[in-house]
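The values are calculated or read from the model by the stated rules, or taken from the named source; none is laboratory data. Owing to the predicted nature of the structure, the values given are computational and were not obtained by experimental measurement. Here the Cβ positions follow ideal geometry from the backbone for every residue, glycine too, while neighbour counts run over all protein chains shown. In case anyone asks, the SASA skips ligands and DNA or RNA and just uses the protein heavy atoms, side chains included. Shrake-Rupley method; radii C 1.70, N 1.55, O 1.52, S 1.80 Å.
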Amino acid sequence: MIPDCPPETRRGVMARIARSLFGVTAADALLAGATHGAAAGAPAGPARAIVTLFMRGAMSHLDTFDPKPGRPEQGETGTVATRTPGVAFGAALDRLARRSDRLAVLRGMTTQTGAHEQATYLMRTAYPTIGSIRHPALGAWALHADGRRGGDLPGFVLVGNANEHPGCGFLDPALAPVPVADPKAGLENTRRPAYLSAENFERRLALADRIDRDFRAAFAGPQVDAYDRLYGEAVRLLGSGELGAFDLGREPQSVHERYGTSPFGRGCLLARRLVESGVRVVEVEFGGWDMHRGLFENLPARAEILDRAMAALLDDLAERGLLESTLVVLATEFGRTPKINDNAGRDHHPAVFSCVLAGAGVRGGVVHGASDERGFAPDSGAVTVADFNTTVAAAAGLPFEREFFAPSGRPFKIGGGGTPVREVLA
Amino acid sequence: MNLDLSGRKPDLDAAREAYDAYTDSQAPRALRKRSLDRFGYQGLVLARASELPAPLPLGHFLRQFGQSDRETIDGGRTVATVPQILAMFNGPITHAMLERGSAIAEQIADKPPGEAVDVIFLTILSRRPDAEDRSLALEAIETAEDAATGHGNVIWALLNTREFLFVQ
């Protein structure tokens, strides 16, 4: 679990305690054995890390990545030419337009539902919501199939609102995303109170373990076991010297300004720091796109936050040579209606929308698929949510053709058994 | 408020009493919240979840443990996360229990170890310690530098059991 850890360090002691109290080592060895099977059919995708920017509430495709200039459906949103000939974005995406040579835009995205909760779940897991099982999010799949990268840091971090996130689904609870509610505050409660010595902390842990033994034996089950696994994770994290990755205070003011001081901008900056430290998957959530009214007043400011933060993220990753090993995914729930409603807004529109890929494993300067002249339905290059997730999995080198079995014995595939979009893959 | 009180001597005490009675009985949420600030501890209001405004901000103890964001029906969750455990380890809500001034710390401050252990178990786990629990807890109290540290260790340990987290 923690390789080459000198036993005399506090960290080593913590690790030994985690092992002995929580059985962390045994479980991990089992998992490792289970997951390092043959990766049949998987291309050698170069993305070692994935940063997903998830637009909650459904981002309008017409006003961002798929404008229809000159059409009445376009409303008040202007356009800006990109570096890719013949391709324009919504006017607020000025910075991304200048970086379109890095982007693969999928304009023929189509989904099955126009309900937020179900569409969010589908985009994150590639499977529709059903009552009998909870599917893992892509980040948990990546860790399950391919292991972690960072030493003691979690493999999967979720920045923003964690409610409704499918998390690790039916996979090992230790693969669940670690939620960071506020990127400015980072990961809280990681410092032992000043009065508490390491020895006393260990005494407390040992006492808790002894007293709890009967209960854990009597009520063993997935929920109680999940906490057992995470107690091990938490102890491991507390002893880690890498927690500084969560501290945005270590970034100079000029960097903060490039990302923007919005929570989303900070989230993207945190994502960059975490990827740099070896975290495998970071998801940053950005809400507020559900613009049923006043879209033309509200969208420019929101799109500008996205534009600034995502452009800074791409620049920073490229500057550090990390864009060659990091896949950046911009995803949302569904599109919004071409018809502008009576409240100057747009309603839910699952028939067509846009998503964007950039970085490792992906071709830049590409637009795949197109919506029709009104932006109502895909005209060419239709891509389902499963296809999209499979494309992400392919770019990240995950074994998307392999069947994995849930504890109930049912088979599932990473990416939901879709077909990868070869046109956007490098 | 611009009440014209000229020519009348306002009975401020009576007014304050009436105001308090009013806020206690049917105060709107904002006023109730202000009165809850009396129970503040390190920036947190220690009161029943149902007395607090909802949804609480992201990152609040209750949100960490899955309180609904109230954006969709049934939006709460019961999923285990690492930050929950970090909050139980090091967070202010755990430490409020260990310090003088908390109901439990006051109850056990001057009690002999045997009684203190009973109070701690009944308060946190709603049961008496069995023989093994008792000897472990007594040992923890007797080997600590002082009684308060020993009590703190036992309280902390019980708060960090799965028995405490789960409703049986």
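Across every direction, the projection of the convex hull enclosing the Cα atoms of the protein assembly as shown has a mean area of 33.2 nm².
Restricting attention to the protein assembly as shown, close to 45% of DSSP beta bridges with both partner residues there are antiparallel. Using a Förster distance of 25 angstrom, determine the FRET efficiency expected from the C-beta separation of B:L62 and A:I133, and round it to 0.05. The calculated FRET efficiency here is 0.35.
The stretch between A:D372 and A:K184, if pulled fully straight at 0.36 nm per residue, gains 63.5 nm over its current Cα-Cα span. Judged by the mean number of other Cβ atoms found within 10 Å, the most tightly packed of the peptides A:130-143, B:51-64 leads the ranking A:130-143, B:51-64. For segment B:77-131 and segment A:118-155, compute the distance between their C-alpha centroids and round to whole Å. Cα centroid to Cα centroid, the span is 35 Å. In deg cm²/dmol and to the nearest 500, what is the mean residue ellipticity at 222 nm of chain A if only DSSP H runs of at least 4 residues count, each as -39500 (n - 2.57), divided by the residue total? Helices in chain A give a 222 nm mean residue ellipticity of -10500 deg cm²/dmol. The residues of segment A:241-356 expose, per residue, 33 Å² of accessible area to a 1.4 Å probe. Between segment A:292-317 and segment A:177-229, the C-alpha centres lie 38 angstrom from each other. Roughly how many Å² is the accessible area per residue of segment B:91-168, as a whole number, for a 1.4 Å probe? Using a 1.4 Å probe on heavy atoms only, each residue of segment B:91-168 averages 46 Å². Other residues whose C-beta falls under 10 angstrom from the C-beta of A:E76 contribute a net charge of -2, scoring Lys and Arg +1 and Asp and Glu -1.
Under the definition of partner shielding as Cβ atoms of other protein chains within 10 Å of a residue Cβ, what is the mean value for peptide A:219-226? Mind showing how you got there, number by number?
Values: counts 4, 1, 1, 1, 6, 5, 2, 5.
Partner-chain Cβ atoms within 10 Å, mean over residues of A:219-226: 3.
Among the protein heavy atoms of chain A, carbon and sulfur supply 50% of the accessible surface, probe 1.4 Å, non-protein parts ignored.
Carbon and sulfur: what percent of segment B:91-168's accessible surface (1.4 Å probe)? Mind showing how you got there, number by number?
Details: 1910 of 3590 Å².
Answer for segment B:91-168 is 53 percent, counting heavy atoms of protein chains only.
Placing a label point 7 Å from the Cα of B:V45 along the Cα-to-Cβ line, no residue of segment B:83-114 has its backbone N under 14 Å from it. Within segment B:91-168, the proportion of C-alpha pairs whose separation exceeds 15 Å stands at 51%. Taken residue by residue and averaged, Cβ atoms of other chains lying within 10 Å of the Cβ of A:169-176 number 1.
Taken across both chains, chains A and B shield about 4200 Å² of accessible surface from a 1.4 Å probe. Using a probe of 1.4 Å, the accessible surface attributed to A:R204 totals some 0 Å² when neighbouring protein chains are kept in position.
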